[in-house]
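The values are calculated or read from the model by the stated rules, or taken from the named source; none is laboratory data. Keep in mind the model is a prediction, meaning the values are calculated, not measured. Because the Cβ atoms are built from the backbone with ideal geometry, glycine has one as well, and the counts that use them run over all protein chains shown.
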Amino acid sequence: MQAFTDLAFATLRLTTPIILAALAGLLSQQVGLINIALEGMMLAAAFAAVLGAFYAQHALVGVVAAVVTGMLVALVFAVFVLRFRANLIVAGLAANILALGGTGYLLQVLYQTRGAFAPPGLRGLGTVHIPGLSQIPILGPILDGHSPLVYVTWVLVILTSIFLNRTVTGLRVRAVGEQAEAATTVGIPARRLQYGMLLAAGGLCGLAGAQMSLGNLQLFVYNMTNGRGFMALAAVFFGQAQPWATTLGSVVFGFFDALQIRLQTTVGVPPQITQILPFLSIVVVLTWVSWRRYRARPVAA
Amino acid sequence: MTRTVVRPQWVGELGRSFVTFSAALVIGALVMVATGRDAWGAYRTLFAVAFLGAQNLADTLLAATPLIFTGLATAVAFRAGVFNIGVEGALYLGAFAAAWIGFTLTGLPAGLLIPLAFLAAGLAGALFMLIPGALRAYLRVDEIVTTIMLNYVAISFTSYLVNYPYAVPGLANAMSPKIALAAQLPRLLPPSQLNLALIVVLLLVPLVHWLLSRTTLGYELRALGSNPIFARWSGVPVPAVILQVMLLSGFIGGLAGAGQVLGVNYRFVDNFSPGYGFDGITIALLGRNTALGSLIAAVLLGALRSGGATLELFVDIPKDLILILEATIIFFVTAEFVLTFPRRRHAGVH
Amino acid sequence: MAEAVPLVRMEEISKAFPGVLANDRITFEVADGEIHALVGENGAGKTTLMRILYGLERADAGRIYWSGRPVAIQSTEDAIHLGIGMVHQRFQLVPSLTAAESVTLGQEPRRGVFFDRARARAVVQELGARFGLAVNPGARIAELSVGEQQRVEILKLLYRQARLLVLDEPTTVLTPQEVAQLYEVLRRLVAEGRTVIFITHKLAEVLAASDRVTVLRRGCVVGTLPTREATGEGLARMIVGETMPAILARGGEPPGPPMLRLERVSAADDRGLPALVEITLEVRRGEILGIAGVEGNGQKELVEVATGVRRPTSGRFLLNGQDLTRADVAARRRAGLAVIPEDRYTEGLSLPMTIEDNLIATRYRALATRGVLRMVAVRAESAALMRRFDVRAPHPRVSARTLSGGNLQRVVVARELGGEPAALIAAHPTRGLDIAAARFVHQQLLEMRTRGGAVLLISADLDEIMALADRIGVLFAGRIVGELSAAAATREQLGLLMAGRSATA
């Protein structure tokens, strides 16, 4: 039982940055832009979070710094993609390299270190204890005592779902992503919505980065995102850019992440195998979707 | 958006790449000045370390070797309008295949073992591309997404191999057993690690150029890349060409892995690539998807890489500066890239 | 009607695209409250004219008056603001949105930041009831039939208070029942004070649904007349032209044995609707079979099926007695089939490639040994083709982009006819060419015939067909509705057939 509770607790914690980045990815996808740059936005934000929290001696400042930094990387990406019509994929890879090189460069220029940076006295996000929550059997110990961003994340999932499905802007966003031409012919400023969603994605990745460097851990490590942005992207494809399905995908992948340590020690399943699953499942899902489309196609050869 | 690869207009195109490269150097200089570093000194050192002196030049070419491979692998795919991002995955599988041959068939002489290891590496890379290639060719599954995802599968899979079935007990880092001495590529200019892989890839450059310009497959992939509708109406077997191009790209990507294993590491090391496969994208773009252009771009990038390490040692500039330069190059090259390569979305093959 | 101030008057409108004069000093008027049909073959300039009216293109010259007042329409917003709405041939709808969302998109009813779903539904229901355009406001676009999607498109315009509705080929996507319903809707629109322009190819529709009709040909107005004074054959002739062509020498041997044969071939178009219905036709050696017809009656699919880029749903394709139904493009070409495609810029040529590369596109395999191109042969072959077909270019290895339209078509013709093919499919081979270039193409087709080749000539230009063909088949609604020998065919007969009536009626 304790093992289960621990696992569920860890899943919730480890899943949080992936959900946040996946929400960022889905907002981008909803305006028709595959966002490869999630990884870079998260990484730069994770670094900024540590700097902000360290210098201001306050975690909240770190979170704000992370969000701003995520949005800055997003802005660079957006300007190249939307203004200079750069290739989406290539510009995304460039943004990731820029974030990796930029954080690495600053890490050394400012702190003469490669690898981990954990300034003494760094304030993490801490944990929140919701009165009464821990008393609930089974669920209590799983849900209580997380970093505040864990709870914020689930609120954001709900808000994203409401935004896309209930608001006028959400409706326009969906129209732009699915049929940009149809949206522009009725006077919807598609370009502006694309900028808006990419910046929002940057902000969400900022939170994801903050959770990684101030929530899950209290330090920054060179290249600490290590593929989580791509895992989030996989979740977006898994959930076909729908908020709840994408969140489910993130949780499943986060669960594998949490599970692998246990599987390795108890059953002996190598972590690499569980790491493969999210990515392999996307290929399977895409193949399945395309196969159905192929079967349903008109007879044109 | 249609995917159109424009035939090289040699001088102009490479000239523009040069401008891009210079622009990146300017931005890098701004970064250094802003952080109180001596930009002029850094570039001078970088140039000296990259090109002056036989050993320095050898190290530059050593750094360029895998990049030439991955640049060529990417260029052949892009030239056909196939957006293959999976060279990194092919490189890992190729590297492991080469290592496996190297530490398993230890009794063979070098003359047999080395070609065999390269061949196995190429086949492993090609086999890997069979999945996204067939999906793209016959079911029109977007190759960008599948190759990005399958990269992780390949990297994790090889990591599993050297952590479990082929783990060497007692080593801190996961790596395969060492390959036989006969499988190790001879050094060209010791003490530099520069090795025979460079010669292999230098032979590959004219071969790829010849393939693109003088063979039916080359013709077909150029036709496809420049106008897929025209290709179909002319009788180019489009799905077959897409698949062949992906396999070829994977094959060359696999060779890149073999070069590193047989020439530098002498074993498969978990997570050994700092993104050679992704660098291939930069190189192909910078080299305008041509063989010779890829060679030049790879040597430039190799110079940055090999110089970067020295920068850190001698002028106190983090080698991550090189990544910043590289990112800037990619941003600029892709921004103008669209002018000659109007970006698609499945307007392509119907 | 003509005395009142017209709702729209487009005066002396000209618009040129590179190489084509799409609109040549067109003057066009639509009266308030009428249904006005705009007809003409592809490339006649109809759509360009309407795109100018809707602000999607800017005219090079000319003026537009709205209710007698000069207006400057610089963007679609201007057009919408005036009360002009357009339903494009390709619907501008988002598949996953509901009908109510689609209709109101861009001017959504809102409650704060939220979309007011109830009001959107009410609006759709109310407009639908008023104009006879019932759709379920809660249904997603993807679940609606094409006819219902079209209603959503029209509702979009009505929601935006459009007074003038432009429908671009509204019936091509509809079933006959839906077409009848559309006519109803058009009448309701007019009864409610709206004005309609619809663009079409189909003469029956002009006659059935419009008050007045304007015919365009090659960018010019041929005439405007009240529909009750128009006849199908009269319109058909206005559309395809009446000028007598230069007489071309025809002669040579009488046609030989069958070479190209389509047997009960049916095919679907891109939307999966039937485009060809049990077509049977045969071209013999030394013969040109012309396929006449108003465009959009299956010509495109016929060419694609014969070339091998579209699979037929049933039927057989034979070349020289050999069944090639399942053969791909390359196999058909190896068997001796040549094709001059309709669109030389996309299907016929690769503009970024060199002239030489373009010239060898259909025979690069024959010029290779075990996958390696024999460059000497490639160079010799392309040089010979350029000489023989008089392709004027600075060098065989410059990008095809540098050539003029006429020279580009020479490249296509050189490639397709240079290999002495057994059969040729020529789709609108002279469209957009100047007289000299067109004459060159005609001569080449006749030479091919003299040589004993079989030519299937698909053209919307009746003059071209009558000047070149030995026999003429008429394609209407995906069927061959009549076949005449060229010597016996008259314009009247052909006009009737093209309008969908049997020659004997």
Inset, instruction - Please verify whether segment C:177-199 includes one or more residues that are within 22 Å of C:GLY85 (Cα to Cα), of a type in the set (S, T, N, Q) and within 23 Å of the chain's Cα centre (by Cα). - result: no
Inset, instruction - Tell me which of these A:ASN223 doesn't satisfy, since it passes every other one: (1) assigned to a helix (DSSP H, G or I); (2) within 11 Å of chain B (Cβ to nearest Cβ). - result: (1)
Legend entry - Qualifying position, being in a helix (DSSP H, G or I), over 26 Å from A:VAL63 (Cβ atoms) and touching a strand residue (DSSP E or B) at 6+ places or on another chain (Cβ under 6 Å), among A:LEU259, A:LEU280, A:LEU171, A:LEU263: A:LEU171
Inset, instruction - Check whether at least one residue in segment A:183-192 is surrounded by fewer than 24 Cβ atoms within 10 Å (Cβ to Cβ), within 14 Å of chain C (Cβ to nearest Cβ), out of contact with any helix residue (DSSP H, G or I) (no Cβ under 9 Å at 6 or more places or on another chain) and without any contact (Cβ under 8 Å) to a residue 12 or more places away in the chain, and report yes or no. - result: yes
Legend entry - Options B:ALA180, B:ALA134, B:ALA167, B:ALA124: the member that is within 14 Å of chain A (Cβ to nearest Cβ) and in contact (Cβ under 8 Å) with a residue 12 or more places away in the chain: B:ALA134
Inset, instruction - Sort through B:THR340, B:THR282, B:THR328, B:THR334 and tell me the only one that's within 23 Å of B:GLY81 (Cα to Cα) and at pLDDT 85 or above. - result: B:THR282
Inset, instruction - Could you please tell me which pairs satisfy a Cβ distance under 6 Å, a separation of 6+ or placement on different chains, a first residue in segment B:140-156 that is at the interface with chain A (Cβ under 7 Å from one of its Cβ atoms), and a second residue that is of a type in the set (Gly, Ala, Ser) and buried (at least 24 other Cβ atoms within 10 Å of the Cβ)? - result: B:LEU150/B:GLY86; B:LEU150/B:GLY89
Legend entry - Flag if C:ALA118 is out of contact with any strand residue (DSSP E or B) (no Cβ under 8 Å at 6 or more places or on another chain), of a type outside the set (Lys, Arg) and not in a loop (DSSP other than H, G, I, E, B): yes
Inset, instruction - Report, ordered by the first and then the second residue, all pairs with beta carbons closer than 8 Å, sequence separation of six or more or different chains, a first member in segment B:76-95 that is closer than 20 Å to B:THR216 by Cβ, and a second member that is of a type in the set (D, E, K, R) and not in a helix (DSSP H, G or I). - result: B:GLY81/B:ARG3; B:GLY81/B:ARG344
Legend entry - Total residues in segment C:58-96, condition more than 24 Å from C:GLU169 (Cβ to Cβ), within 8 Å of another protein chain (Cβ to nearest Cβ) and in contact with a Leu (Cβ under 8 Å, 6 or more places away or on another chain): 0
Legend entry - Failed item, numbered, when C:ALA100 is tested on (1) out of contact with any strand residue (DSSP E or B) (no Cβ under 8 Å at 6 or more places or on another chain); (2) over 30 Å from C:LEU144 (Cβ atoms); (3) among the aliphatic types (A, V, I, L, M); (4) at pLDDT 90 or above: (2)
Inset, instruction - Determine, yes or no, whether C:ALA139 is in contact (Cβ under 8 Å) with a residue 12 or more places away in the chain and either surrounded by fewer than 17 Cβ atoms within 10 Å (Cβ to Cβ) or over 26 Å from C:THR47 (Cβ atoms) (or both). - result: yes
Inset, instruction - Please list, ordered by first then second residue, the pairs with beta carbon atoms under 9 Å, 6 or more apart or interchain, first in segment C:258-272 and more than 7 Å from every other protein chain (Cβ to nearest Cβ) and on the phi > 0 side of the Ramachandran plot, second of a type outside the set (Lys, Arg) and buried (at least 20 other Cβ atoms within 10 Å of the Cβ). - result: C:ARG264/C:ILE279
Legend entry - Checklist (1) assigned to a helix (DSSP H, G or I); (2) among the β-branched types (Val, Ile, Thr); (3) surrounded by fewer than 24 Cβ atoms within 10 Å (Cβ to Cβ); (4) within 14 Å of chain B (Cβ to nearest Cβ) applied to A:VAL73, failing item: (3)
Inset, instruction - Mind listing just one residue for me: the one in segment C:342-369 that is in contact with a helix residue (DSSP H, G or I) (Cβ under 9 Å, 6 or more places away or on another chain) and surrounded by fewer than 17 Cβ atoms within 10 Å (Cβ to Cβ) and, of those, nearest to the other protein chains (Cβ to nearest Cβ)? - result: C:THR346
Inset, instruction - At least 2 residues that are touching a helix residue (DSSP H, G or I) at 6+ places or on another chain (Cβ under 8 Å) and over 27 Å from C:GLY234 (Cα atoms) in each: list the strands (runs of 3 or more DSSP E) lying fully within segment C:387-485 that qualify. - result: C:423-427
Inset, instruction - Might you check whether a residue that is in contact with a helix residue (DSSP H, G or I) (Cβ under 6 Å, 6 or more places away or on another chain), modelled with pLDDT of 90 or more and assigned to a helix (DSSP H, G or I) occurs anywhere in segment B:185-196? - result: no
Legend entry - Pairs where the first residue, in segment C:99-126, is among the hydroxyl-bearing types (Ser, Thr, Tyr) and the second is part of a helix (DSSP H, G or I), C-beta under 6 Å, 6+ apart: C:SER102/C:ILE141; C:SER102/C:VAL152; C:THR104/C:ALA120
